[in-house]
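*Asks:* Here it is: the structure, laid out below.
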Amino acid sequence: MAERTGAELFFVRIRFRSWLYSGVEVIIQPDKETAARLVARILASDLRAKPQLVLGLATGGTMESVYQNLVRMHREEGLDFSHCQTFNLDEYVGLTAADPSSYHHYMHHHLFRAVNVAAGNTHLPEGTAANLDEECRRYEALVRQAGGIDLQLLGIGKAGHIGFNEPLSALRSRTRVKALAPATIQQNAPFFGGEAKVPRRAITMGVGTIIEARRCVLLATGDSKADVIAQAVEGPITSMVSATALQLHPRCTVVVDEAAGAKLKEKEYYRWIFANEPEWEGYR
Ligand code: PGA
């Protein structure tokens, strides 16, 4: 291999350091479509670089357009999912995989049926397991056996949850059963046809499980997320807003549209970093 010049080594070092130490980076995109496309491109780039990628997946309305983009990339660009493994963040307690409101169903509908991921390589917690605590331990062990999560996709709830880690979730929590907060039940009611029909509990990866992923990518769009994004990124770390734990993560990218980023104080700084950081060269 040709020797690198001093200048090249300098930039390699900056790049390497930025991977190790950058912490949270915020990328502000003009609208929700460009934000979702950017997240899909980050994921696709990591998948192309490592076909055996262990992917942590999320559900919710915001993620639907990320999956639409991935399906398009699979069809048009041959993005290959055949060697990757996937682990979803959560599943409702009591819903079978066939239930149209379950996250098993969501994932099948929005992604799995439309790309070439092997069914045996996709994992979600089983919300109907006879012994839920045992199921939580099994799921944690499965993530560990896979070598840990390489890239974890995240949405954010209006009350600040990642996964279903509702307020006061321990920042070191592992996969467990969690009761849903009233705000979450309200937020998810449209998917169930009314608050009364939303399950009261879910199995969720813990905050500790999530921040062990090698890379986290959080997507939030729309003005209903503006307050919580400002708290999550710029507020103090607190178990009242589990997304604030991402500030402890060495490599977390938060992608927002203008609406969700509206209440961030340091917008101009984030834009400067995105415009100047070599890592984002191909994404601008
Ligand atoms: P949403 O959910 O994308 O439907 O807003 C995100 C979340 O609650 O994590």
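*Asks:* Can you name every residue in region 44-62 that is aliphatic (A, V, I, L, M) and buried (at least 22 other Cβ atoms within 10 Å of the Cβ)?
*Replies:* Start the filter on region 44-62 by keeping residues that are aliphatic (A, V, I, L, M), which leaves 44, 47, 49, 53-55, 57-58.
55, 57, 58 - these are the residues of region 44-62 that are aliphatic (A, V, I, L, M) and buried (at least 22 other Cβ atoms within 10 Å of the Cβ).
*Asks:* Also: Is region 144-162 home to any residue that is in contact with a strand residue (DSSP E or B) (Cβ under 9 Å, 6 or more places away or on another chain), modelled with pLDDT of 95 or more, under 18 Å from residue 188 (Cβ atoms) and away from the ligand (no atom under 16 Å from the Cβ)?
*Replies:* No; the residues of region 144-162 include none that is in contact with a strand residue (DSSP E or B) (Cβ under 9 Å, 6 or more places away or on another chain), modelled with pLDDT of 95 or more, under 18 Å from residue 188 (Cβ atoms) and away from the ligand (no atom under 16 Å from the Cβ).
Residue-by-condition table, conditions (1) out of contact with any Asp or Glu (no Cβ under 9 Å at 6 or more places or on another chain); (2) within 18 Å of residue 151 (Cβ to Cβ); (3) more than 16 Å from the ligand (Cβ to nearest atom):
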{"position": "48", "(1), (2), (3)": "no, yes, yes"}
{"position": "63", "(1), (2), (3)": "yes, yes, no"}
{"position": "76", "(1), (2), (3)": "yes, no, yes"}
{"position": "108", "(1), (2), (3)": "yes, no, yes"}
{"position": "121", "(1), (2), (3)": "yes, yes, yes"}
{"position": "124", "(1), (2), (3)": "no, yes, no"}
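*Asks:* Has region 245-267 got any residue that is assigned to a helix (DSSP H, G or I), at pLDDT 95 or above and either surrounded by 20 or more Cβ atoms within 10 Å (Cβ to Cβ) or at positive phi (or both)?
*Replies:* Checking region 245-267: at least one residue is assigned to a helix (DSSP H, G or I), at pLDDT 95 or above and either surrounded by 20 or more Cβ atoms within 10 Å (Cβ to Cβ) or at positive phi (or both).
*Asks:* Test residue 101 against the criterion of being among the hydroxyl-bearing types (Ser, Thr, Tyr) and in contact with an Asp or Glu (Cβ under 7 Å, 6 or more places away or on another chain), and give yes or no.
*Replies:* No: the conditions fail for residue 101.
*Asks:* Next question. Restricting the search to region 163-175, which residues are closer than 19 Å to residue 188 by Cβ and either buried (at least 21 other Cβ atoms within 10 Å of the Cβ) or at pLDDT below 95 (or both)?
*Replies:* Quick first cut of region 163-175, residues closer than 19 Å to residue 188 by Cβ only: 163-167, 169.
Once the filter is applied, which keeps residues that are closer than 19 Å to residue 188 by Cβ and either buried (at least 21 other Cβ atoms within 10 Å of the Cβ) or at pLDDT below 95 (or both), region 163-175 yields 163, 164, 165, 166, 169.
*Asks:* If you don't mind, there's one more thing I want to ask. Out of the residues in region 50-61 meeting the condition of being near the ligand (Cβ under 10 Å from one of its atoms) and not hydrophobic (A, V, I, L, M, F, W, C), tell me which one is nearest to residue 221 (Cα to Cα).
*Replies:* 61
*Asks:* Sticking with this structure for a sec: From the list 15, 4, 48, 41, exactly one residue is at pLDDT below 95 and either among the acidic types (Asp, Glu) or part of a helix (DSSP H, G or I) (or both). Which is it? Before the answer, list the steps.
*Replies:* Details: 4 fails: either among the acidic types (Asp, Glu) or part of a helix (DSSP H, G or I) (or both); 48 fails: at pLDDT below 95; 41 fails: at pLDDT below 95.
Of the residues listed, the single one that is at pLDDT below 95 and either among the acidic types (Asp, Glu) or part of a helix (DSSP H, G or I) (or both) is 15.
*Asks:* State which residue is surrounded by the most Cβ atoms within 10 Å (Cβ to Cβ) when the search covers only region 189-238 and only residues that are in contact (Cβ under 8 Å) with a residue 40 or more places away in the chain and polar (S, T, N, Q).
*Replies:* Selected residue: 204.
The values are calculated or read from the model by the stated rules, or taken from the named source; none is laboratory data. For clarity, every value in this text was computed on a predicted model and none was experimentally measured. Note that we place each Cβ from the backbone using ideal geometry, even for glycine, and neighbour counts take in every protein chain shown.
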